[in-house]
Amino acid sequence: MSASWFRVLSLLAACLVYCGGVTPVRAEVAVVLNSGEGTVSLVDKATYAEVSRTFVGREPHHLMSLPDNSALIVANSVSNDLVFLDPLTGKFKSRLSNISDPYQIGFSPDRKWFAATSLRLDRVDLYEAGTFRLVKRFATPTTPSHLAFDHKSSTLFVTLQGSDELTAIDLATLTVRWKIPVGKTPAGVVVTPDDQHLLVGIMGENRVAVVDWRQAKVVQSVITGAGAHNLVPTGDGVRFFVSNRVSNTVSVLNAQTLKVEDSFSVPGGPDCMELSADRRELWVTSRWLRQVSVIDLPTHRLVHVVRVGRSPHGIFFASHAPR
């Protein structure tokens, strides 16, 4: 082939790619929050390598996408702001200031409310979801931590680590409905798929508390591992992964039978988790090792270690399994 013909074919190929004939392949990133140094690590999911690390704010702990997936929200608790990133590339989009001490954040299923726990300032803030206008501030016992909404958006649940309690806020009346003891240093909380129970990681013990939230009482405890901390759906609508930070394990908890079906090792204080769309890889932030540990779920083997920043906490990527 002559050089001139080669140049013509190259130009045609480029036109197909950039003029709409073929969509160029864009590498997806995993977004990791390094709370100990205020940075965001972007990790190439194909190569399992950190490609950049950028300062985002003071003490970013948790993150989640907007309900329409148009942006990824990073909550900077000490900077008192929210940063919005592109969920696919992790690139900076905008910053919203004057959001006081946002630690854990969440949207109600009906997209009416945006809630943030203020772990340092002992309160829960409730905002309009569309405008982020503060509607009401609820004073709480010390160290409000994680939060969850029921499926009908009637109630907001918050774990209170300092007082070993769980509280429920009525979203119709904007009043505290109840507050009950659940165990030493409660952390992650989720609603079961049937909306019947709450599962609460009891970080100061080795169990998950099962709460009948309509009756406001603990009805069962499930032993998982020391430092039971966070819970993430496995994608099948039945089970949850439970990170046990002290025993360095992740358990698989069946929300229907309320029994542990499996457990595997994850080093360095496993904390937040993200599950690949094909449900074959679990990405786990290892808080004490400055790394993300990637677990091959069919074999339960640690197959990749991704070096990131100090005290990695929240993790997200767009192509995750169903929540």
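The values are calculated or read from the model by the stated rules, or taken from the named source; none is laboratory data. These numbers were taken from a predicted model, which means no experiment stands behind them. Here the Cβ positions follow ideal geometry from the backbone for every residue, glycine too, while neighbour counts run over all protein chains shown.
What the table shows:
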item	result
Test result for VAL238, out of contact with any His (no Cβ under 7 Å at 6 or more places or on another chain) and within 30 Å of TYR48 (Cα to Cα)	yes
Residue that is surrounded by the most Cβ atoms within 10 Å (Cβ to Cβ) [pool: residues in the stretch 151-178 that are more than 18 Å from VAL190 (Cβ to Cβ) and hydroxyl-bearing (Ser, Thr, Tyr)]	SER163
Tally, over the stretch 28-64, of residues that are part of a loop (DSSP other than H, G, I, E, B), of a type in the set (A, V, I, L, M) and touching a strand residue (DSSP E or B) at 6+ places or on another chain (Cβ under 8 Å)	1
Condition check for PRO24: part of a loop (DSSP other than H, G, I, E, B), surrounded by fewer than 21 Cβ atoms within 10 Å (Cβ to Cβ) and either at pLDDT 95 or above or over 16 Å from the mean Cα position of the chain (by Cα) (or both)	yes
Single unsatisfied condition, GLN215 versus (1) out of contact with any strand residue (DSSP E or B) (no Cβ under 9 Å at 6 or more places or on another chain); (2) touching a residue at least 12 places away in the same chain (Cβ under 8 Å)	(2)
Qualifying position, being out of contact with any strand residue (DSSP E or B) (no Cβ under 6 Å at 6 or more places or on another chain) and more than 23 Å from ASP44 (Cα to Cα), among THR257, THR249, THR224	THR257
Members of the stretch 234-275 that are farther than 24 Å from VAL31 by Cβ and among the small types (Gly, Ala, Ser)	GLY237, SER247, SER251, ALA255, SER263, SER265
Residue check for PRO67: surrounded by fewer than 21 Cβ atoms within 10 Å (Cβ to Cβ) and assigned to a loop (DSSP other than H, G, I, E, B)	yes
Qualifying positions in the stretch 124-139 - modelled with pLDDT of 95 or more and either over 20 Å from the mean Cα position of the chain (by Cα) or loosely packed, with under 15 Cβ neighbours inside 10 Å (or both)	GLU128, THR131, PHE132, ARG133, LEU134, VAL135, LYS136, ARG137, PHE138, ALA139
All strands (runs of 3 or more DSSP E) inside the stretch 248-323 with 3 or more residues being over 16 Å from the mean Cα position of the chain (by Cα) and at pLDDT 95 or above	249-254, 259-265, 291-296, 301-307
Any hit, the stretch 110-127, residues being among the hydroxyl-bearing types (Ser, Thr, Tyr), touching a residue at least 12 places away in the same chain (Cβ under 8 Å), more than 24 Å from LEU160 (Cβ to Cβ) and in contact with a Leu (Cβ under 8 Å, 6 or more places away or on another chain)	no
Selection from the stretch 75-103 of residues that are outside any strand (DSSP E or B) and not hydroxyl-bearing (Ser, Thr, Tyr)	VAL78, ASN80, ASP86, PRO87, LEU88, GLY90, LYS91, ASN98, ILE99, ASP101, PRO102
Hits in the stretch 214-238 - residues which are surrounded by fewer than 21 Cβ atoms within 10 Å (Cβ to Cβ) and within 17 Å of ASP150 (Cα to Cα)	ARG214, GLN215, ALA216, LYS217, VAL218, PRO233, GLY237, VAL238
